[in-house]
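**Q** Structure below; questions to follow.
The values are calculated or read from the model by the stated rules, or taken from the named source; none is laboratory data. The shown structure was predicted, so the numbers you read here are calculated from the model rather than taken from an experiment. Methodologically, a virtual Cβ is constructed for each residue, glycine included, from the backbone with ideal geometry; neighbour enumeration extends over all protein chains shown.
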Amino acid sequence: MTAKADKRQRVGVVGLGNMGSALADALIAAGHDVTVWNRSAGKTQRFADAGNSVAESVAALAKRADVLVVCLFDHAANLDAVLTEDVGVALSGKTLIQLSHVDTDSLPQYQAWAEGYDIALLKGLIFVYPDDIRSGNGTVVYGGPRAVYDSVRPLLQAMGGRPVWAGSPIDASNAVGAAYSCVLFPAVVGFLNGAAVCHRAGIDVATFNENIIAPLLTGPVLKGVIDGLAKAAGSRRYRDDLQATLDAWNHDLDLAIDTIERHGVEKGLMGAIAEQFDRTIVAGHGGDDLASVFETLIATGRSVDQDG
Ligand SMILES: NC(=O)c1ccc[n+]([C@@H]2O[C@H](COP(=O)([O-])OP(=O)(O)OC[C@H]3O[C@@H](n4cnc5c(N)ncnc54)[C@H](OP(=O)(O)O)[C@@H]3O)[C@@H](O)[C@H]2O)c1
């Protein structure tokens, strides 16, 4: 028996949209026994043509499978197709891996339904495109009991190649997803802001990317800065290993905004960063590390931790 066959499990995939079909493809490629269901029958055809089983209902799928993987558009779709008595009974004592993007307020309803039928629940959040799931270059973050995560680890590995357990709370993956968005969204929109300045300054955008930004993303400098920020924010100590003060960063920011505006380009996110820096400096952190911005961020709004 091969290592692949040792891990073979009976998996049901609910939802064959862009992402659900990629999850099914990845599970099939890893050698699992996959049965599929989709609301519109057309999307099941290529799976049937390839010799995979197609279930006539989600309840029938849940009955046949050991583990159900769900990837529907949203919570409303889950209410329609998954959170029913029939599915609950059929899935009792088994595991459900929920990969639809469900809003945090709806997760307790999902969890209560699963607990009511003794279903082990993992809530995952996919950070990548469908092709990354197929090629094994995809990070997927999970919340839910560690024992459940460990029990289906080969399946999680098959779906993207890089599963990450974020913690026991069912909304843990949503929290990590939001934190990731805090980094990704400014980075991609910031790139466009920089491209706009280059465009106005007569500098080729592709050259800017290849010579300046690509080396920053793949080289050690940015990683070193982020590692330093993680260490300082994690310990909340802002004078250790100080390389540049927040005042110095703020001076550079002022000069950059002046140059951006001289080229007739919006300052965009740089304006929001300037406001954040100003508040942190007013709070007395001008001589501290840039990481002290962390203090004004956690001082704002509703606190759910024990900062005091
Ligand atoms: N695509 C991505 O790059 C990506 C990346 C990360 C996360 N995600 C998440 O993955 C989930 C699915 O996204 P997707 O890109 O696969 O979307 P999609 O291509 O639009 O597919 C949506 C799926 O949901 C089904 N559906 C919608 N309403 C339904 C209902 N009331 N009852 C039963 N089935 C219903 C659709 O069935 P029909 O075929 O019958 O319409 C289809 O299978 C979303 O939560 C999304 O946030 C997607």
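**Q** Which is modelled with pLDDT under 95 and either loosely packed, with under 11 Cβ neighbours inside 10 Å or assigned to a helix (DSSP H, G or I) (or both), of GLY228, GLY234, GLY308, GLY271?
**A** The conditions single out GLY308.
**Q** While we're on this one: ALA62 is checked against (1) within 8 Å of the ligand (Cβ to nearest atom); (2) closer than 16 Å to TYR117 by Cβ and fails just one. What number does that condition carry?
**A** That leaves (1) as the condition not met.
**Q** Right, something else. Considering region 58-113 alone, what residues qualify as being surrounded by fewer than 17 Cβ atoms within 10 Å (Cβ to Cβ), among the β-branched types (Val, Ile, Thr) and touching a Phe, Trp or Tyr at 6+ places or on another chain (Cβ under 6 Å)?
**A** Hits for region 58-113: nothing passes.
**Q** Take the residues in region 93-113 that are among the charged types (D, E, K, R) and within 16 Å of the ligand (Cβ to nearest atom); name whichever of them is nearest to SER57 (Cα to Cα). Steps first, please.
**A** Keep residues of region 93-113 that are among the charged types (D, E, K, R), which gives 94, 103, 105.
Applying the additional criterion that residues be within 16 Å of the ligand (Cβ to nearest atom) yields 103, 105.
On the way: ASP103: 25, ASP105: 27 Å.
Once the filter is applied, the top-ranked residue is ASP103.
**Q** Also: Among the residues in region 173-190, are any more than 30 Å from MET270 (Cβ to Cβ), at pLDDT 95 or above and away from the ligand (no atom under 14 Å from the Cβ)? Reasoning before the result, please.
**A** The initial filter retains those residues of region 173-190 that are more than 30 Å from MET270 (Cβ to Cβ), namely 173.
If we keep only those that are at pLDDT 95 or above too, we end up with 173.
Those left that are additionally away from the ligand (no atom under 14 Å from the Cβ): none.
No, because not a single residue in region 173-190 is more than 30 Å from MET270 (Cβ to Cβ), at pLDDT 95 or above and away from the ligand (no atom under 14 Å from the Cβ).
**Q** SER40 - would you say it is more than 13 Å from the ligand (Cβ to nearest atom), farther than 21 Å from ALA120 by Cβ and at pLDDT 95 or above?
**A** Values: more than 13 Å from the ligand (Cβ to nearest atom): no; farther than 21 Å from ALA120 by Cβ: yes; at pLDDT 95 or above: yes.
Against the criterion (more than 13 Å from the ligand (Cβ to nearest atom), farther than 21 Å from ALA120 by Cβ and at pLDDT 95 or above), SER40 does not qualify.
**Q** Moving on. Taking interchain pairs and intrachain pairs at least six residues apart, which have beta carbon atoms under 9 angstrom, with the first residue in region 262-276 and farther than 15 Å from ALA195 by Cβ and the second not β-branched (Val, Ile, Thr)?
**A** That search, which allows pairs on different chains as well, returns ALA272/PRO186; ILE273/PRO186; ILE273/LEU253; ALA274/ASN250; ALA274/LEU253; ALA274/ASP254; ALA274/LYS267; GLN276/LEU297.
For (1) within 16 Å of the ligand (Cβ to nearest atom); (2) at positive phi; (3) without any contact (Cβ under 8 Å) to a residue 60 or more places away in the chain, each residue gets a yes or a no:
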| site | (1), (2), (3) |
| --- | --- |
| ARG8 | no, no, yes |
| MET19 | yes, no, no |
| LEU23 | yes, no, no |
| SER57 | yes, no, yes |
| LEU83 | yes, no, yes |
| LEU91 | no, no, yes |
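**Q** Within region 133-141, is even one residue within 24 Å of ALA62 (Cβ to Cβ), within 13 Å of the ligand (Cβ to nearest atom) and modelled with pLDDT under 95? Full working, then the answer.
**A** Of the residues in region 133-141, the ones within 24 Å of ALA62 (Cβ to Cβ) are 133, 140.
Going one step further and asking which of them are within 13 Å of the ligand (Cβ to nearest atom), we end up with 133, 140.
Narrowing further to those that are modelled with pLDDT under 95: none.
Looking through region 133-141, none of the residues is within 24 Å of ALA62 (Cβ to Cβ), within 13 Å of the ligand (Cβ to nearest atom) and modelled with pLDDT under 95.
**Q** Being farther than 19 Å from PHE185 by Cβ, free of Cβ contacts under 8 Å to residues at least 24 places away in the same chain and surrounded by fewer than 17 Cβ atoms within 10 Å (Cβ to Cβ) is the filter here; which residues of region 279-302 pass it? Spell out the reasoning first.
**A** First, pick out the residues of region 279-302 that are farther than 19 Å from PHE185 by Cβ: 279-292, 295-296, 298-299, 302.
Within this subset, residues satisfying the condition of being free of Cβ contacts under 8 Å to residues at least 24 places away in the same chain are 279, 282-284, 296, 298-299, 302.
Across region 279-302, the qualifying residues are ARG279, VAL282, ALA283, GLY284, ILE298, ALA299, ARG302.
**Q** State whether the residues of region 68-79 include one that is β-branched (Val, Ile, Thr), touching a Ser or Thr at 6+ places or on another chain (Cβ under 7 Å) and within 13 Å of the ligand (Cβ to nearest atom).
**A** Of the residues in region 68-79, the ones β-branched (Val, Ile, Thr) are 69-70.
Checking the rest, the ones that are also touching a Ser or Thr at 6+ places or on another chain (Cβ under 7 Å) come to 70.
After this cut, where a residue has to be within 13 Å of the ligand (Cβ to nearest atom) as well, the list is 70.
Looking for residues that are β-branched (Val, Ile, Thr), touching a Ser or Thr at 6+ places or on another chain (Cβ under 7 Å) and within 13 Å of the ligand (Cβ to nearest atom), one finds at least one in region 68-79, hence yes.
**Q** Going through GLY287, GLY271, GLY234 one at a time, which residue ends up being among the small types (Gly, Ala, Ser) and touching a strand residue (DSSP E or B) at 6+ places or on another chain (Cβ under 6 Å)? First the steps, then the outcome.
**A** Details: GLY271 fails: touching a strand residue (DSSP E or B) at 6+ places or on another chain (Cβ under 6 Å); GLY234 fails: touching a strand residue (DSSP E or B) at 6+ places or on another chain (Cβ under 6 Å).
So the residue among GLY287, GLY271, GLY234 that is among the small types (Gly, Ala, Ser) and touching a strand residue (DSSP E or B) at 6+ places or on another chain (Cβ under 6 Å) is GLY287.
**Q** Another question, if that's okay. Return the residues of region 114-132 that are loosely packed, with under 14 Cβ neighbours inside 10 Å and away from the ligand (no atom under 16 Å from the Cβ); say none if nothing qualifies.
**A** First pass over region 114-132, keeping only residues loosely packed, with under 14 Cβ neighbours inside 10 Å: 115-116, 118, 131.
Scanning region 114-132 gives GLU115, GLY116, ASP118.
**Q** Keeping to region 1-20, report how many residues are part of a loop (DSSP other than H, G, I, E, B), touching a strand residue (DSSP E or B) at 6+ places or on another chain (Cβ under 7 Å) and either farther than 20 Å from ARG153 by Cβ or modelled with pLDDT of 95 or more (or both).
**A** Within region 1-20, the first condition is being part of a loop (DSSP other than H, G, I, E, B), and the residues that meet it are 1-2, 7-9, 15-17.
Now drop any that are not touching a strand residue (DSSP E or B) at 6+ places or on another chain (Cβ under 7 Å), which leaves 8-9, 15-16.
Restricting the remaining residues to those that are either farther than 20 Å from ARG153 by Cβ or modelled with pLDDT of 95 or more (or both) gives 15-16.
The total comes to 2.
**Q** May I ask you to list the residues in region 25-37 that are small (Gly, Ala, Ser) and more than 15 Å from the ligand (Cβ to nearest atom)?
**A** We begin by selecting, within region 25-37, every residue small (Gly, Ala, Ser); these are 26, 29-31.
If the condition is that a residue be small (Gly, Ala, Ser) and more than 15 Å from the ligand (Cβ to nearest atom), then ALA29, ALA30, GLY31 are the ones that fit.
**Q** Same structure, new question: Considering each of LEU155, LEU121, LEU99 in turn, give the residue that is over 20 Å from ALA29 (Cα atoms), among the hydrophobic types (A, V, I, L, M, F, W, C) and touching a residue at least 40 places away in the same chain (Cβ under 8 Å). Reasoning before the result, please.
**A** Working: LEU155 fails: over 20 Å from ALA29 (Cα atoms); LEU99 fails: over 20 Å from ALA29 (Cα atoms).
The conditions single out LEU121.
**Q** May I pose another question? For region 172-200, how many residues meet the condition of being over 19 Å from GLY124 (Cα atoms) and surrounded by 14 or more Cβ atoms within 10 Å (Cβ to Cβ)?
**A** Initially, region 172-200 is screened for residues over 19 Å from GLY124 (Cα atoms), giving 183, 185-200.
Within this subset, residues satisfying the condition of being surrounded by 14 or more Cβ atoms within 10 Å (Cβ to Cβ) are 186, 190-191, 193-199.
Looking only at that region, the number is 10.
**Q** Hey, among the residues in region 43-54 that are among the small types (Gly, Ala, Ser) and surrounded by 12 or more Cβ atoms within 10 Å (Cβ to Cβ), which one's farthest from the ligand (Cβ to nearest atom)? So that I can check it myself, show each step before the final result.
**A** Here is the first cut: in region 43-54, the ones among the small types (Gly, Ala, Ser) are 48, 50-51, 53.
Keeping just the survivors that are surrounded by 12 or more Cβ atoms within 10 Å (Cβ to Cβ) gives 48, 53.
Values: ALA48: 15, SER53: 17 Å.
Restricting to residues being among the small types (Gly, Ala, Ser) and surrounded by 12 or more Cβ atoms within 10 Å (Cβ to Cβ), the top hit is SER53.
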